[in-house]
Amino acid sequence: MKKGKFFIQTFGCQMNDHDSEAMAGIMRGAGYDEAARPADADVILVNTCAIREKAEQKAYSQIGRYKQLKAKRPGMVIGVGGCMAQSAGEGVLSRVPYVDFVFGTQAMHRILEMVDEVKEKRRQPVWIGMGEDPSTMEKLYAHSSSQDGLKAFVTVMQGCDNYCAYCIVPYVRGRELSRPSEDIVSEVRRHVAGGVREVTLLGQNVNSYGLKGGDGADFSELIRKVSEVEGLKRIRFTTSHPKDLTDELISLFNSVDKVMPHIHLPLQSGSNAILAAMNRRYTVERYLSLIDKLRGEVPEIAITSDVIVGFPGEGEEEFRATLDVMERVRFDGLFSFKFSPREGTRAAKMEDALPEEVKEARLAILQDLQREHTLERNELWVGRVRPTLVEGSSKSGGGQLMGRTPENKIVNFHGDKSLIGEVVEVRVTRGGINSMVGELA
């Protein structure tokens, strides 16, 4: 029996995307249909992010828009969950009292209970408890699905034990806990049976997979097990912490054909002094040695990264050191942000805060440099043929298709829609900053 319609609004990282996919599976399994827009929904779930203040502001702004919808449809149920909800708890209800329930990062598998509690008891439940019970992950991810039918995220662990000075994740995601490898492989098999060709293994720090929980397998062994799934074409993973990236894992880029030649390896700063203040537990020299090893294994591997500008104590010298590392590495892509103090983290209490105008100026300089490097790296592929997984129609229009190369680069090209889901040979004809252009080879 159909119970109505649901809509999920997601903010934040790929793990949030995957969590939302799993919640959608739970709702569909209970008899709800997915609404195309929030105005048509009987239940709205907002999966939030807390990594930066801007992310929280965006979430609250979106929730504010739903107030008008609820005024027109009083029976609508609105739930706010995820990292911001975990951090704020009942504070969410204080700020937006028309929200019906709040659920943390380890209560997503209980959304149906909360919806029923709201409808039957007219309460506003707040479930934000955290623990170290691996069964909560299985209760959620048993319902995971693929949004596009070709690629799927698979969470391999929850939480983080690194406690970087600027990061709120350990406080809202909990301590590290790995899923058993056989549960992960079973989820991958299920996705592949449904047509998925590529999986991305997710964790706050996948390199520490197996240290707590799991079934004895480390991350390299897990990748080997996943690679044995028949029908799976591609394996990716994120995020890797430089302090835990092993030679064995690096070797898999060469020895396991299904592992794609792309790694996201956050730098955060090119200054050893700032890295120490951040509690990153590696040096610039260690980071550069990893880059050399990766390119020694696969010379053309794509490397993307994260950088924070304006961390407390970052002077001109420290900022220039970051630019120097960028010049040395020449990243394929970069996620760059101004430092945003998060309440409860060590960095929020640090002195030597930089003015916003300084942070904005530095971010602009850094992003201009990265645009040059991204274009340079993409232009290296012009004239060459790459096996490309065709994902669908191109946003560029003109009847083009879009796909991704092994290096995770988007390429747009003309072709018949029957190619969607296939891996085809594409010759790159032009590089760009956001994508490349090609033709069927």
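We did not get these values from a lab; they are worked out from the coordinates using the rules stated. What you are looking at is a predicted structure, and each value in this text was computed from that prediction instead of being measured. Cβ atoms come from the backbone with ideal geometry, glycine included; neighbour counts cover every protein chain shown.
Descriptive notes on the structure:
- Leading residue at positive end of dipole, the chain (Cβ point charges), from MET278, GLY231, CYS164: GLY231
- Separation between Cα centres of segment 34-81 and segment 265-329, rounded to whole Å: 37
- Within the chain, longest stretch free of exposed trypsin sites (Lys or Arg not before Pro) [DSSP loop, at most 12 other beta carbons within 10 Å]: 124-394
- When only Cα pairs below 8 angstrom with a gap of at least 6 residues are kept, the chain shows a relative contact order of 10 percent.
- Estimated FRET transfer efficiency (ALA142, GLU113; beta-carbon r; R0 22 Å; 0.05): 0.85
- Here the extension length gained between ARG122 and ASP161 equals 10.3 nm, from 0.36 nm per residue of separation less the Cα-Cα distance.
- Antiparallel DSSP beta bridges within segment 385-440, as percent of all bridges there, nearest 5: 90
- Figure legend: label point modelled 7 angstrom from the Cα of ASN434 along Cα→Cβ; residues of segment 410-428 with amide N under 19 Å from it are 410-414.
- When DSSP beta bridges are restricted to pairs lying wholly in the chain, around 30% turn out antiparallel.
- Computed over segment 148-303: relative contact order in percent, which uses C-alpha pairs under 8 Å that are six or more apart: 22
- Mean-position separation - Cα centroids, segment 94-113 and segment 369-441, in angstrom: 41
- Computed lengthening from ASP33 to VAL256, 0.36 nm per intervening residue step minus Cα-Cα distance: 76.3 nm
- Rounded to 5, percent antiparallel among DSSP beta bridges of segment 146-260: 15
- For segment 282-375, with +1 on Lys and Arg beta carbons and -1 on Asp and Glu, the positive-most of VAL329, GLY315, ILE365 along the dipole: VAL329
- ILE8 long-range amide H proximity, modeled H, under 5 Å: LEU45
- Dividing the mean sequence gap of close Cα pairs (under 8 Å, 6+ apart) by how many residues segment 55-149 holds gives a relative contact order of 23 percent.
- Nearest-0.05 FRET efficiency for ALA276 and GLU248, computed from C-beta distance (R0 35 Å): 0.80
- Relative to one another, the C-alpha centroids of segment 209-234 and segment 124-171 are positioned 18 Å apart.
- Between GLU327 and ALA441, the simple spin-label model (points 7 angstrom out along Cα→Cβ) gives 3.5 nm.
- Measuring from each cysteine beta-carbon in the chain, the ones with no other cysteine beta-carbon under 4.7 angstrom are CYS13, CYS49, CYS83, CYS160.
- Distance-filtered residues of segment 296-333 - backbone nitrogen under 17 Å, label point 7 angstrom along ARG384 Cα→Cβ: 296-304, 330-333
- Given charges at Cβ of Lys, Arg, Asp, Glu: the chain dipole, positive-most of ALA347, PHE219, PHE7: PHE7
- Exposed GluC sites (Glu not before Pro) absent - longest run of the chain, DSSP non-H/G/I/E/B, at most 16 other C-beta within 10 Å: 133-227
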